[in-house]
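Colleague: Got a structure here, written out as structure tokens. Questions coming.
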Amino acid sequence: MKAGSDGKRKSTYGYKAHLNVAEDGFIKSTDYTAGNAHDSNCFTPLLSGNESAAYADSAYRSQAHDRWLAERNIANRIIKRVY
């Protein structure tokens, strides 16, 4: 079960693929999770720590991820949500 954007619980079947892709399109690392797992759970394991910048959807934004990126001098290019 997963909480939908409308607040209702929804059944989710399947898997998600998470990728770390270099600027030239080369896939650096992959991770697969159950369909009901939150995207942000596999953010830091995908990164090697030597990237110059991290670009990601707003689902990956958190204070912990912001700190992790700052500690490694990686430019934080995670999209900010508009409230």
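The values are calculated or read from the model by the stated rules, or taken from the named source; none is laboratory data. Every value quoted in this text rests on a predicted model; they were computed, and no experiment measured them. Glycine also receives a Cβ, built like all others from the backbone with ideal geometry; neighbour counts cover every protein chain displayed.
Colleague: Given the structure, is Ser40 surrounded by 10 or more Cβ atoms within 10 Å (Cβ to Cβ) and modelled with pLDDT under 90?
Modeller: yes
Colleague: Any residue at all in the range 41-53 that is over 19 Å from Asp66 (Cα atoms) and not basic (Lys, Arg)?
Modeller: The answer is no, given that none of the residues of the range 41-53 is over 19 Å from Asp66 (Cα atoms) and not basic (Lys, Arg).
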